[in-house]
1. Can you compute the modelled spin-label distance between residue 68 and residue 55, with each label point 7 Å from Cα toward Cβ, in nm?
2. Which order do 19, 50 fall in if you start with the one that has the fewest other Cβ atoms within 10 Å?
3. Tell me, what HN-Hα J-couplings in whole Hz come from the Karplus equation 6.51 cos²θ - 1.76 cosθ + 1.60 at θ = phi - 60° for each residue of the stretch 40-52, using x for Gly and Pro?
4. For the stretch 46-93, state which trypsin sites (Lys or Arg not before Pro) are in a DSSP loop and have at most 16 other beta carbons lying within 10 Å of their beta carbon.
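Please treat every number below as a calculation from the coordinates, not as lab data. Values in this document were obtained by computation on a predicted structure and should not be read as measured data. Cβ: placed from backbone, ideal geometry, glycine included. Neighbour counts: every protein chain shown.
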Amino acid sequence: MAQHGWSTSVGVGGVVGRWREVVGDQLADHCEVETFEEGELVVRASSTAWATQLRLLLPQLERRLAEEVGEGTVTKIVVLGPGGPSWKHGKRSVPGRGPRDTYG
């Protein structure tokens, strides 16, 4: 696998698949992996409180990931809070006029 350059993908795929084992049940109930691209792991929390908690635990999480997938595989962890509500819904929703149309 290493000769094909797959070891990083396989290692991170294993962590994403075993996220609950890596971070624990309580944290896994409130945080999930969104993406992993080019060493950047993006994690979304279910609330701002859990996002803050995860940010406080980043040093321990980085150490744990280094143990699981190897040093340098995950170079950056980005913690996101919950997504905002979408105001675009319903039968009479009109598309915006362009990139600077911020209303609605």
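1. Here the answer is 2.2 nm between the modelled labels.
2. So the ranking, lowest neighbour count to highest, is 19, 50.
3. 9, 9, 10, 10, 10, 9, 6, 8, 5, 5, 6, 5, 5
4. Here the trypsin sites (Lys or Arg not before Pro) that fit, given the DSSP loop and packing criteria, are 88, 91, 92.
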